[in-house]
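The values are calculated or read from the model by the stated rules, or taken from the named source; none is laboratory data. Note that the coordinates shown come from a computational prediction; the quantities given were computed from them, not determined experimentally. Cβ placement follows ideal geometry from the backbone for every residue including glycine, while neighbour counts extend to all protein chains displayed.
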Amino acid sequence: MIHNRKQRGSAIVEFALAGIVSCFLLICTTQLAMGMWRYHTLALAVHDATRYVSVHGHGCTKIGYGCSITVANIANKIKAVGIGLPDDSLNVTLTTDSGAQTACAPLNSCYSTATVWPPSTNNDDRTGKKITISAQYQFKSALLFFWPGQGSQRFGAIWLPASSSQNILF
């Protein structure tokens, strides 16, 4: 009977200690999964936008079809494929073969840009020319609060990069 009195309440203490660690691991797993999902969504959106641009080069408009695209078309394509990515935390850079760049920082600033891309200057819209679309998404997580060098921020943030290059097909 004396032995039972000494152990009374120990299960609650053990559960409290193990419960804190278990809750932290559950939150860590969830946040890591969210970060990876957003990274893969970003990579898919950038890849699909690059593919979209590669089939809308000079040869597309040369035949008589009105299929030239604008920066707004590309931004809307990235937004449509990048489900769940907030467009105010997403920066996109469009780069042509000659090195000309068009920046959408953030992405929602380019939804109404009527500039044709890739531009015909330097023949960047010709078949075989390389185009690159790069994007960076600022992922904010409570876990990054513990990341070294974050200072006094409430939540840490890291930039998740994605890039895709392809040659214009026609």
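Values computed for the structure shown
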item	result
Residue under evaluation residue 31, criteria (1) surrounded by 12 or more Cβ atoms within 10 Å (Cβ to Cβ); (2) at pLDDT below 90; (3) in a loop (DSSP other than H, G, I, E, B), criterion not met	(3)
Condition met for residue 109 (within 17 Å of residue 131 (Cα to Cα) and among the small types (Gly, Ala, Ser))	no
Unique residue being out of contact with any Cys (no Cβ under 9 Å at 6 or more places or on another chain) and surrounded by fewer than 17 Cβ atoms within 10 Å (Cβ to Cβ) when the list is 134, 109	109
Candidate set from segment 70-101 (those that are closer than 16 Å to residue 54 by Cα and of a type in the set (D, E, K, R)); member that is modelled with the highest pLDDT	77
Matching residues, segment 89-105, being under 16 Å from the mean Cα position of the chain (by Cα), surrounded by 16 or more Cβ atoms within 10 Å (Cβ to Cβ) and either of a type outside the set (Val, Ile, Thr) or more than 14 Å from residue 42 (Cα to Cα) (or both)	89, 90, 91, 94, 104
From the options 149, 156, residue that is at pLDDT below 85, under 30 Å from residue 36 (Cα atoms) and touching a Lys or Arg at 6+ places or on another chain (Cβ under 8 Å)	156
Residue in segment 54-67 that is under 19 Å from residue 160 (Cβ atoms) and part of a helix (DSSP H, G or I) present	no
Residue count, segment 70-88 (criterion: more than 23 Å from residue 119 (Cβ to Cβ), within 10 Å of the chain's Cα centre (by Cα) and crowded, with 17+ Cβ neighbours inside 10 Å)	3
Which numbered condition residue 119 fails, given (1) within 30 Å of residue 36 (Cβ to Cβ); (2) of a type outside the set (Ser, Thr, Tyr); (3) surrounded by fewer than 17 Cβ atoms within 10 Å (Cβ to Cβ)	(1)
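For every residue, the table says whether it meets (1) more than 19 Å from residue 138 (Cα to Cα); (2) out of contact with any strand residue (DSSP E or B) (no Cβ under 9 Å at 6 or more places or on another chain).
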{"residue": "77", "(1), (2)": "yes, yes"}
{"residue": "88", "(1), (2)": "no, yes"}
{"residue": "91", "(1), (2)": "no, no"}
{"residue": "104", "(1), (2)": "no, no"}
{"residue": "110", "(1), (2)": "no, no"}
{"residue": "114", "(1), (2)": "yes, no"}
{"residue": "118", "(1), (2)": "yes, no"}
